[in-house]
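Following: one structure in structure tokens, then a few remarks.
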Amino acid sequence: MGSAEANGARPSARRSKADVVDAALGILDRQGLPDVTMRRIAEVLGVQPSALYWHFPNKQTLLAAVSDRILAPSGLLPSDDIAPRTANIAGIASRFRDCLLAYRDAAELVSSSLALGLVTPSAQHLIADVAIRADVPAPLARVAASTITHYVLGYTFHEQQRMQADSLGALADVESLTPSGAAVGASATTDFHAGIGLIVLGMSVSVAGAQDRGTRKTRR
């Protein structure tokens, strides 16, 4: 898709880049990701679709901006976290999930933007930083942060799909492959934290194992 000038569009005095993102986010939350089209956004804003390209060169960059808006609160540590520790990782992951659950189809949207290399969740950088400050080697910290990012996105995508199916009365009345597989709400949150705990534990075990191997080599 071409630029605004190539499409003959001119910037609207009434519509800013933030207005476009707001409109897209509203459509996402009310109607779902399939309805977030340039034409629908333009209709909501009362402009021609070509006018949107003044602010965004294509739909993918617009959706990436929407993803950034959704994820913005997840990259902040609470004010009392003066000295970040590994224990804070669960809190960051939980805030990341909360940001996704705040909007319909948000996990699917963010996952798509991440796959295209257009966004990196701020929570991912923060998790890596917290782990490194807790003396986790940087390469392992980055792997753990990436793993947690994909876990949160996948888990929340599954949650939102089930919530949508439940609202439509379309959930199958059968047992899941796991006892808590059909969990929604408090039970789903418990399972979510259990999964994060396993990842953090695995990271800690890896660090301890590396330190133990280093100690044995030093003694030889």
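The values are calculated or read from the model by the stated rules, or taken from the named source; none is laboratory data. This is a predicted model, so every value here is computed, not measured. Neighbour counts run over all protein chains shown; Cβ positions are idealised from the backbone, glycine included.
Set side by side, the residues 65, 51 differ, and just one is farther than 27 Å from residue 130 by Cβ and outside the structural domain of residue 161 (by TED's automatic domain parsing), which is 51. Only one of these is aliphatic (A, V, I, L, M) and modelled with pLDDT of 95 or more: 140, 153, 201. Name it. Answer to the selection: 153.
The set of residues from segment 15-68 being among the hydrophobic types (A, V, I, L, M, F, W, C) and either free of Cβ contacts under 8 Å to residues at least 12 places away in the same chain or at positive phi (or both) comprises 18, 42.
Against the test of being modelled with pLDDT of 95 or more and more than 24 Å from the chain's Cα centre (by Cα), the options 39, 15, 10 yield a single qualifying residue, 39. Is segment 115-137 home to any residue that is at pLDDT 85 or above and of a type in the set (Asp, Glu)? Yes, the conditions are met somewhere in segment 115-137.
The set of residues in segment 120-145 being outside any helix (DSSP H, G or I) and either on the phi > 0 side of the Ramachandran plot or more than 21 Å from the chain's Cα centre (by Cα) (or both) consists of 134, 135, 136, 137. Among the residues of segment 40-77, those that are among the charged types (D, E, K, R) and closer than 30 Å to residue 97 by Cα comprise 40, 59, 68, 69.
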